[in-house]
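A.B. asks: The structure's right below; bear with me while I get my questions together.
The values are calculated or read from the model by the stated rules, or taken from the named source; none is laboratory data. The model shown is predicted, which means the values in this text are computed figures rather than measured ones. A quick note on method: Cβ atoms are made from the backbone with ideal geometry, for glycine too, and the neighbour counts reach across all protein chains shown. Remember, those area values only see protein heavy atoms, side chains included, never the ligands or the DNA or RNA. Shrake-Rupley method; radii C 1.70, N 1.55, O 1.52, S 1.80 Å.
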Amino acid sequence: LGTLAHDYGKTIITSIHQPTSAMFHNFDRVLFLADGCTVYYGPPSESLSYMKDLGYSCPNGYNAADHWMDLLVEDSAIPENSAEDGNLGPTYRPRDGLDEENPTTEHSNLTTMDTSNNGTNVESHTANVSTSDNKGSVSLSKSMYSLMKGRKNILSPLVLAEQKRAEYANGTTSKAQLITMWDIDSAAQRIDQDLEKAMINDDNCDSSIGTTLDVHLNEKKFNTTWWTQFQVLLHRSMKNSRSAILTPINLVKSICLALVVGLLWFQLEDTERIVADRASYVFFTITFWIFDGTFNALFGFPSERAIIFKERASGSYHLSAYFMAKTLSEMPTRLVLPLLFVTVTFWMTAANSSFVVFLGVCGCTLLGVLAGESIGLFVGALIMDFEKAMTVLIVFTLTCLVSGGYYIQNIPAFMKWTPYMSPFKYAYHSCVSLVFDHDVPCDGSGILEVICSKPGVEFATPEDIREFLNVDGSVGFNIGLMFVLIFVARYLAFLALKSKKAGDRD
């Protein structure tokens, strides 16, 4: 921890119970609290002289941390008035120059609030506080009252601490005296002076302390390069994605579904009668895996919501490094299952005998899955509430599915824009164009009656089949638009994640 603090510019805050003497003196600063009140803040070595000035000298060879605990921890079994009988250990001794018989007395009006079932009752108490010059004052400033104005049943920690100090103002125990004798104002001034001195001594110091502090913080925000952050986050995300996606149950599901689909569309004939069946196989494959990728990606960011905001707040890494690692790590594992499915079903259904077509169908299917995944990531980053995000995504994906070119051919003019956002449309049209790359014999079934009923026509050409299936654009055109969907949706997902404010993180 010391190396991390001194060599890498990190602030380390830790709570420790009964440290050894060596451990105690290794800290740069220590903070002692008693009932929420500060009794000392500063270097450990100076705490010994501070206690000595108050009359609580630490015995030679005694652990300073244990000595502090002896002074601050009171046994609840001992009556409070036992301190007057000398049964509570060390007694309070005034500082040099403080007249114990005639202390400076300040009267402070403290307001406490008691909330009952009948409402809020406000009582005003006056506490007599024994102080030396500006030492241990418990008076509340006007700004504190203005801060608390309007809050009827909630007290700020500062007000509670002031009230607690007032309660101990007339105490005679070591704990009470240490609480009341700590000079809050002087300690705050010393902290401000130390900060200002540190800024002035900085070689890059600006004349404005605030500006220098901002520059200093910006320089120290990230102590590792973007590439290092990306590599570490990629390794972490890949381990998480493998365990979440490539599970035995998912593998079994994909293989079983592939076998069922392969048997239902088993060894389709290459004739006019089977054109619609072959097209339906392609559509089912595209639809299922795009849906699977879309809805699995939806939970990517919401499930890590608390981790993302916590690590962002601590300045652990660039958000872009996390986003790239998260999206790239899930890409290979997300594509394994649909690739396995297509490999099994393509040959079982005899969709096409060409290996090149098989590779093309695999590529277009996987691009469709990535396009759907990108949409899921965008919705998940934009709406981090599971129920709301699920509702929005269901409406959107079903709209894209229906308008994707398989269910409805004549879309009203005011809804013509919906197919252009559909990954189903681009993946389906590109795969169909690849599968039907050859002439299909007419068999008199009447499926392609418009084509095959013409005199002298014995085959339906690929162009005729694509026209019959209402395929828009070439294979390259549809692939290009899938890439556009992938990059645009992921960029929008990054902007949505980046735009989240503190209020959205609660």
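A.B. asks: Along the range 227-236, what does the Karplus equation 6.51 cos²θ - 1.76 cosθ + 1.60 (θ = phi - 60°) give for ³J(HN,Hα), rounded to whole Hz, x for Gly and Pro?
C.D. replies: 5, 5, 4, 4, 5, 5, 5, 5, 4, 5
A.B. asks: Right, another one. What are the ³J(HN,Hα) couplings of the range 460-468, residue after residue, when phi is run through the Karplus curve with 6.51, -1.76, 1.60 and θ = phi - 60°? Round to Hz, x for glycine and proline.
C.D. replies: 9, 6, x, 5, 5, 5, 5, 5, 5
A.B. asks: Right, something else. Kindly flag which residue pairs out of Lys326/Lys425; Lys10/Lys52; Lys388/Lys425; Lys10/Lys326 have an alpha-carbon separation exceeding 31 Å in this structure.
C.D. replies: Violating the 31 Å limit, Cα to Cα: Lys10/Lys52.
A.B. asks: Still on this structure: Which trypsin sites (Lys or Arg not before Pro) does the range 1-62 hold that lie in a coil by DSSP with at most 15 other beta carbons within 10 Å?
C.D. replies: Loop-located and lightly packed - Lys10, Arg29.
A.B. asks: Using the Karplus curve 6.51 cos²θ - 1.76 cosθ + 1.60 with θ = phi - 60°, what ³J(HN,Hα) values do you get for each residue of the range 6-11, in whole Hz, with x for Gly and Pro?
C.D. replies: Whole-Hz 3J(HN,Hα) from phi for the range 6-11: 7, 8, 10, x, 9, 8.
A.B. asks: Using a 1.4 Å probe, what is the accessible area per residue for the range 1-53, in Å²?
C.D. replies: 68
A.B. asks: Only sites in a loop by DSSP and with at most 10 other Cβ atoms within 10 Å count here; which trypsin sites (Lys or Arg not before Pro) in the range 409-502 make the cut?
C.D. replies: Here the trypsin sites (Lys or Arg not before Pro) that fit, given the DSSP loop and packing criteria, are Lys416, Lys501.
A.B. asks: Give the residue list of GluC sites (Glu not before Pro) in the range 405-506 that are DSSP loop and have at most 13 other beta-carbon atoms within 10 angstrom.
C.D. replies: Sites meeting the loop and neighbour criteria: Glu458.
A.B. asks: Pairwise over distinct Cα atoms, reciprocal of the mean inverse distance: report the Kirkwood radius of the range 266-310 in Å, one decimal place.
C.D. replies: Value: 13.4 Å, from the Cα pair sum.
A.B. asks: Counting only Cα, what are the radius of gyration and maximum Cα-Cα distance Dmax of the range 219-276, in Å?
C.D. replies: Rg then Dmax for the range 219-276, in Å: 22.7, 70.
A.B. asks: Something else: For the range 354-469, state the semi-axes of the equivalent ellipsoid (square roots of 5 times the eigenvalues of the alpha-carbon gyration tensor), sorted largest first and rounded to whole angstrom.
C.D. replies: 35, 18, 9
A.B. asks: Amide H neighbours of Asp439 under 5 Å, counting only residues 5+ apart in sequence or on other chains, H built in-plane at 1.01 Å?
C.D. replies: Hits under the 5 Å cutoff: none.
A.B. asks: Could you list which residues have their amide H under 5 Å from that of Gly42, counting only those 5 or more apart in sequence or on another chain, with H placed in the peptide plane?
C.D. replies: Val30
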